[in-house]
Structures are given as C-alpha cells and as structure tokens.
Amino acid sequence: MPASTLNPDYERRSLWSATMPTLPDRSGRELPDTADVVVIGGGYAGINAARELASRGVAVTLLEARTLGWGASTRNGGIVHAGYKWGPRQLVKRYGEARGPALYQDTLDGYETVKRLIGELSIDCDFREVGQLELAFAASHVRFLEQERDSLAGVGVASLLVPRERIREEIGSDIYHGALIVPGSALIHPGRYFAGLAAAADQAGADLHEGVRARTIRRQPEGRFVIETDRGAILANDVFVATNGYTDGVAPSLRRRVIPIGSYIIASEPLPEDLVAEISPRGRAFFDTKNFLHYWHISADRRMVFGGRASFLPTSIERTAEILHRGLLEVHPQMAGRRIDYAWGGNVGFTYDRMPHVGRTKDGVTYA
C-alpha cells in the first residue's frame, strides 16, 4: 500500500472503539469476597450473561483482564448474520436429520435475539437490516451458491441467486461470477451495541470489574469455586468462562480447544455519496467464497470497512493493512487514492470442528 494511502494520522484501533460512547472506568474497584456467579471475560457473551443473571436477582461479578469490550466485541466487521462455516445441508450430513436443522435454527434465533435486545434496551447502534451478498469468486463457485440456496430453502430461508450479468445491480465490481442474496443479515456499530449492553448490565446490578486477571479456578470439595485473581480471591457457586479467542491459562482444558486466529480490518475515510451508491447500491453486507474470505460493507458514516484473515502469524498492522488494501482494490478499483483512517486486528476463537461450543468442563466450569 502506498504510504500516501495510509493516513499519516491513522488510528491503530478499530473504527468502532474510536466512535463508541466512553464507558465508565471500572478499574480499581474493590472485589467482593463472594458471589453467586463469577463471569470471566468482558465481551458480548460475558457482559450479556452478567446482565441476564443480574436481572434475575443473581449476585454476579464479572472480571475483565483489560477493559470491557477490549477483544473481538469492538474489533469485528460489524455484520450480524445467521449460520456457521457449514450450511444447513452440511450440518445434516454431520449431525443428522434432526440435530442439523436445529443447530442452524439456533443461529436464526441468535440473530433475532440481537434484534430483540436492541429494541428492548433501546440501543442506538446503527442497526440496518440489509441482507448479505455472497459472491462467487470463481465460476465453479456458482454451483456452490446454487447448493446453498437449496440448502437454505430446507430451513425456511428464501435466498435469491443473482447471475453475473446482473451483479452490478448489487455491487460495484466486475470480478465475480454470480451471487446469492441472503436475508436475515444486518449491519451494526459493534462498539455502540456493546456500550448499550454494558449500560444495561450495570443498570441490572451486575458487579463489573476491569483490569482484573483471573489466574486459576479451583473446585472446592463442597462444590463451590475459588477464583484466584491478581487482586485477591473470590468464592463463587458457579463460574462462567467467556474468553473466546483470548482464552489463557485460567482454563487450561479450554485453552487446548480454542485456536486464536488473527483477523484484520481497515476502514477508509468517509466516501462521497455517489461513490457509496456505485460500490453498494443496496447497502448490503458482502462476503466472497474464497477459503480465506474477505468481508466488507459501507458503514453508516460512509466508510469502506474491509476485512479478512490477512495473516495466520503475528505481524504488524501496517503489513496487514497493505495486504487488505491490495485485496480491496482488486474488488473495487474505484477506491484507489482513498485514504485509510483505521487499521486494526484481533483474535477470532476457532475450534477444531469450526463450530461454537457451550458446556461444562469436567470440573463443572461453564463455558461458551
């Protein structure tokens, strides 16, 4: 990427964290001696679990090693959609006729849960239901999209194939061989969404702490847990670990099952309205069908947000920004000369079967 393309004053943090409400400082607060439940991890899963538990009268203490929302919750691509790595048909092959569709339905329900929470909690987060466009990177990938359409129909999702000659109605790019429009997808400001959840957890009475690292979890003979932190110990009836791509030694059995993979994103300067209309006529979320895919969209403040797995190894933000920028120009050459204002990265928590997992360890620690 030419040096002139990366804004000299660009920020090495996410667009979302830079433009979200400032959260109260919850560092240095006194830890309780006991709690009904201790939640470890202050991202979406942890903060919403704390909110839900507190709203039901449970004495819940949340511990975040850094600041609330520090990880993927404020560093993701800003796209909400259903689904896994595997489509409904593949899920049936892997998990059976009953469990496969039920697993996919879980993700449809998850999407609806996000919508419900935004409405119930009155969270201002630029939520826009626009649908997503899956783009065939190679001619052979069109067959995959046809199979995906049929597979989605089997779980009640009506998607629409777009032939190559009509691609320009959906996206300002000529490199794709076809596309699939999938409803039930939305764009969101992840930082503002997180801030709304954190405020709701606070209001519900959750005891939120940041700058506190949990070191070990020990099960007591009577069944309760001692959580040792770098600021003292807490005795709890239950523990919920929600650390995802940042799982460390506090839960050794989970650490061996979660693979942290880096994902990286760049965001441009605000774009002229005519360029936005050319690139994204319908304002959708975009994905391509490459194995190491790209994902992108235009944000509510008219910035190009473009992400992907630019590296599997530790590298510099500048290097990953360069790789992503090259990919962006391959898709949208009309972005040449537009400055990049933000470049960031973070860990995605992969599992060996590429599926999410919720359960309990043999010691009784709940995890997600």
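Sort 65-74, 12-21 for me by packing, meaning the mean count of neighbouring Cβ atoms within 10 Å per residue, highest on top.
In decreasing order of mean packing, 65-74, 12-21 become 65-74, 12-21.
With a 10 Å cut-off between alpha carbons and a GNM built on the chain, which of Gly184, Gly41, Gly154 moves the most?
Ranking Gly184, Gly41, Gly154 by mean-square fluctuation puts Gly154 first.
Given the options Pro272, Pro281, Pro260, state which has the largest fluctuation in a GNM of the chain using a 10 Å cut-off (strictly under) for Cα springs.
Highest fluctuation of the listed residues: Pro272.
Check the straight Cα-Cα distances from Lys362 and name the lysines below 23 Å, setting aside those fewer than 8 residues away within the same chain.
Straight-line reach from Lys362, under 23 Å: no lysines qualify.
Any idea how far apart Ser316 and Asp248 come out in nm if each label point goes 7 Å out from Cα toward Cβ?
About 2.6 nm separates the two model spin labels.
So what are the chain's ellipsoid semi-axes, whole angstrom, largest first, if each one is the square root of 5 times an eigenvalue of the alpha-carbon gyration tensor?
37, 25, 18
Mind telling me which of Ala200, Ala50, Ala233 comes out most flexible in a GNM of the chain, alpha-carbon contacts under 10 Å?
Ala233
Nearest 20 debye, what's the magnitude of the dipole of the chain about its Cα centre given +1 on Lys and Arg Cβ and -1 on Asp and Glu Cβ?
1040 debye
With Rg and the Kirkwood Rh both taken from Cα atoms, where does Rg over Rh land for the stretch 276-368?
1.09
Dipole size in debye (nearest 20) for the stretch 1-92 around its Cα centre, Lys and Arg Cβ +1, Asp and Glu Cβ -1?
420 debye
Using helices alone, what [θ] at 222 nm do you get for the chain, with -39,500 (n - 2.57) per DSSP H run of 4 or more residues, divided over all residues and rounded to the nearest 500?
Value at 222 nm, helices only: -8500 deg cm²/dmol.
Using the Kirkwood radius built from alpha carbon pairs, what does the Stokes-Einstein equation give as D for the stretch 93-244 at 25 °C and 0.890 mPa s, in µm² per second?
For the chosen part, D equals 124 µm²/s.
Which three semi-axes in whole Å describe the equivalent ellipsoid of the stretch 19-115, each the square root of 5 times a Cα gyration tensor eigenvalue, listed largest first?
Equivalent ellipsoid of the stretch 19-115: 33, 18, 11 Å, largest first.
Report the gain in length on full extension from Ile175 to Glu129: 0.36 nm times residue separation, minus Cα-Cα distance, nm rounded to one decimal.
14.0 nm
Hey, how many Å between the Cα centroid of the stretch 1-42 and the Cα centroid of the stretch 241-272?
What the calculation gives is 14 Å, centre to centre.
Find the percent of Cα-Cα distances in the stretch 85-175 that exceed 21 Å, and round it to a whole number.
48 percent
Where a Cα-Cα gap under 25 Å defines reach, which lysines qualify for Lys93, not counting those fewer than 8 residues away within the same chain?
Filter leaves Lys85, Lys290.
Let me know the whole percent of all Cα-Cα pairs from the stretch 178-245 that are separated by more than 16 Å.
More than 16 Å apart: 68 percent of the Cα pairs in the stretch 178-245.
Here, each number is a calculation from the coordinates, and none is a lab measurement. If you're wondering where the values come from, they're calculated on a predicted model, not measured in any experiment. Cβ sites come from the backbone with ideal geometry, for glycine too, and all protein chains shown count toward neighbours.
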